[in-house]
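Have a look at this one.
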């Protein structure tokens, strides 16, 4: 009795026309054979079981076929498959066609032997052909040994390398070979080939069963034939012929019908967690593994997403992009389309993301069943979540403007931010402003007028869609402050006084402020960007002390230049001809860091506004300040928290009584 030959070997193609799904490769090779354009190196790459080694053998037969192209025995470039050379290559015992398993013969010694043998001419045929299977397994050193032979090979040598990972082959090798990238075989092509083989083998199988076998092949003809061989062995015999059934094939492969997953998605759509757990519990109790079920569900969800994206609806025929992306049977396409109609594209994408993560977690979790059930419950719960886009749009909604609430050119004083701790719960309940708008208004540099009489209110116009700034024409009456009050310590000890500017009240809180201080307050607080320039005397008698104070004040008025201002205040100014030399206490390294380019620009701009405009500014590092030189009090920027604190009568009285000094001023006002 002859040994059984598996279907994958029995029906292995013997000519280019028999190869399924690789027309772009076979057409090119046939044309090259007809034109005599034979390369000395070929790389065949692609998925497993799609014909890489098979086409290499067919090409070897075509190259060494003893019949001439155009003859009666060989009218086309296809091999005749009748001569002695073709028969030997088919049987695998040809002398001049050497097949090497590169996975085991991957070292430099084996490649050196190959290179030495390649120098000799073929024993009988026209070409000596080397077929290297799994060529990406060859080491880099072995590839380097083969490099020169591939670049300038003898006329009688042809190398063919088959690989599933072409990126692992060095670029120097790939650039010297013709590279053919093989495609995964389409589902319809696999089904057609399986139908042909089933007819030839007298096997009873319907289209649904053949489609199921083709799907299990996952684009590989060899895998589909291997599964078909296994199904035939387990199939019952009807009238002397094996009869294949879809249920039998699913049981053999360890899968379930996609009807189950359609029912699960219907239960998810109905927010019925009990039905979801019942269905999946029945499958798990029947012995199905959680990882296999999750894997199949991921594939089903992917098909639903594709059906939704491509607009495939139940009852329609799959054509174009839909047919290319949904490589499943017509029945399964309709099932995926029905499930896709239940959800939006975003929901299906979230479902797929959840199940992909669940499938990954099942690989290293102890209680796989519990994690799988939890992943399915997430599909039910995720529908109850409000999308972030919808939530943000609701929070940012504004009431429709009526004629009575039409925005005017002068806005009302700014209301407190809704999430501020100073706003009551009723005020929070009535606000309709988006949190993003509130945050933007909070960050807008404005002068708050609460509890600060005499200050103009520069507010954000909430009713205006353009977000323009407006100034209130009238001063706002002071509001009583509930913030902690400044209390002078009764102990007659010199202590630093810390002045805290309230984030809402724009100046330090005081106890019973004198009436004269209310009228002496500035009308507005300038911002850091448009700080009020200190007054500079135009008299020619302006001395260096006043100039030093002017330069220091100009820097102090700009945000981020406090350190530079202090250094200028402590520096020594000297006139040297037409140069104003500023001797600082900074080292050569720290000088450009503290007094940076922006600070130097401010100094030069301020200097040009004085009677010393003709002088050139020069900063000198390293020398300390003159010993014994009394420091003049550092002036604060006009309108700042430090300025308001220094001018306050109670603070001045505390300094006189206790010999105290203001060491730190914390400005908590919103910038």
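Taken together, the values in this text are just the output of simple stated rules run on the coordinates, not laboratory data. Predicted model only: the values in this text are computed from it and were never measured. Counting neighbours? That spans all protein chains shown, and the Cβs are built from the backbone with ideal geometry, glycine included.
Going by how many other beta carbons lie within 10 Å of each one, how would you line up 101, 18, 577, fewest first? Numbers along the way, then the final one.
Details: 101 12, 18 15, 577 6.
Lowest to highest Cβ neighbour count: 577, 101, 18.
For the stretch 1-111, divide the Cα radius of gyration by the Kirkwood radius and give the resulting Rg/Rh value with two decimals. Don't skip to the answer; put the middle values down first.
Working: Rg = 15.0 Å, Rh = 15.4 Å.
Radius of gyration over Kirkwood radius for the stretch 1-111 works out to 0.98.
Can you give me the orientation-averaged projected area of the convex hull built on the Cα atoms of the stretch 187-253, in nm²? Please report the intermediate quantities before stating the final value.
On the way: hull surface 15.1 nm².
The directionally averaged projection comes out at 3.8 nm².
Whole-Å semi-axes of the stretch 258-382's equivalent ellipsoid, largest first, each the root of 5 times a Cα gyration tensor eigenvalue?
Values: eigenvalues 126, 41, 36 Å².
Semi-axes from the Cα gyration tensor: 25, 14, 13 Å.
Would you mind calculating the gained length between residue 566 and residue 148 on full extension (0.36 nm times residue separation, minus the Cα-Cα distance), in nm to one decimal?
Details: separation 418, 0.36 × 418 = 150.48 nm, distance 7.26 nm.
Value of the extension gain: 143.2 nm.
Using 0.36 nm times the number of residues separating residue 661 and residue 581, minus their current alpha carbon distance, what extension gain do you get?
25.7 nm
Another question, then. In what order do 658, 16, 44 fall by count of nearby beta-carbon atoms within 10 Å, going from fewest to most? Write down the numbers at each step before the final one.
On the way: 658 17, 16 23, 44 28.
Fewest to most other Cβ atoms nearby, the residues stand as 658, 16, 44.
Apply 1/(1 + (r/R0)^6) to the Cβ-Cβ distance of residue 345 and residue 559, taking R0 = 51 Å, and write down the FRET efficiency to the nearest 0.05.
On the way: r = 48 Å, r/R0 = 0.94.
About 0.60, to the nearest 0.05.
For Cα pairs less than 8 Å apart in space and 6+ apart in sequence, what is the mean separation divided by the residue count of the stretch 258-382, i.e. the relative contact order in percent? Don't skip to the end; give the middle numbers.
Numbers: 118 pairs, mean separation 43.1, N = 125.
Relative contact order for the stretch 258-382 comes out at 34 percent.
Spin-label point model (7 Å from Cα, Cβ direction): what's the residue 263 to residue 17 distance in nm?
5.0 nm
For Cα pairs less than 8 Å apart in space and 6+ apart in sequence, what is the mean separation divided by the residue count of the stretch 187-253, i.e. the relative contact order in percent? All intermediate terms of the calculation are to be shown ahead of the outcome.
Numbers: 72 pairs, mean separation 22.4, N = 67.
Relative contact order here is 33 percent.
For a Förster distance of 35 Å, can you work out the FRET efficiency between the beta-carbons of residue 251 and residue 164, rounded to the nearest 0.05? Please report the intermediate quantities before stating the final value.
Numbers: r = 30 Å, r/R0 = 0.86.
Efficiency, rounded to the nearest 0.05: 0.70.
Report the label-to-label distance for residue 647 and residue 233 in nanometres (one decimal), using points 7 Å from each Cα along the Cα→Cβ vector.
The modelled label-to-label distance comes out at 9.9 nm.
May I ask for the distance between the Cα centers of the stretch 1-32 and the stretch 543-586, given as a whole number of Å?
The two parts, judged by their Cα centres, are 89 Å apart.
A further question follows. Between residue 172 and residue 321, what is the label-point separation in nm under the 7 Å Cα-to-beta-carbon projection?
Placing both labels 7 Å along Cα→Cβ, they lie 4.4 nm apart.
Please report 605, 164, 209, 54 as a ranked list, fewest other C-beta atoms within 10 angstrom at the top and most at the bottom.
Arranged by neighbour count, lowest to highest, 605, 164, 209, 54 become 605, 164, 54, 209.
Over the stretch 273-346, one equal point on each Cα, no solvent: what is log10 I(q)/I(0) by the Debye formula at q = 0.21 Å⁻¹?
So the normalised log intensities work out to -0.91.
Tell me, what is the FRET efficiency for residue 155 and residue 371 to the nearest 0.05, using R0 = 45 angstrom and their Cβ-Cβ distance as r? Mind showing how you got there, number by number?
Details: r = 63 Å, r/R0 = 1.39.
Efficiency for this residue pair is about 0.10.
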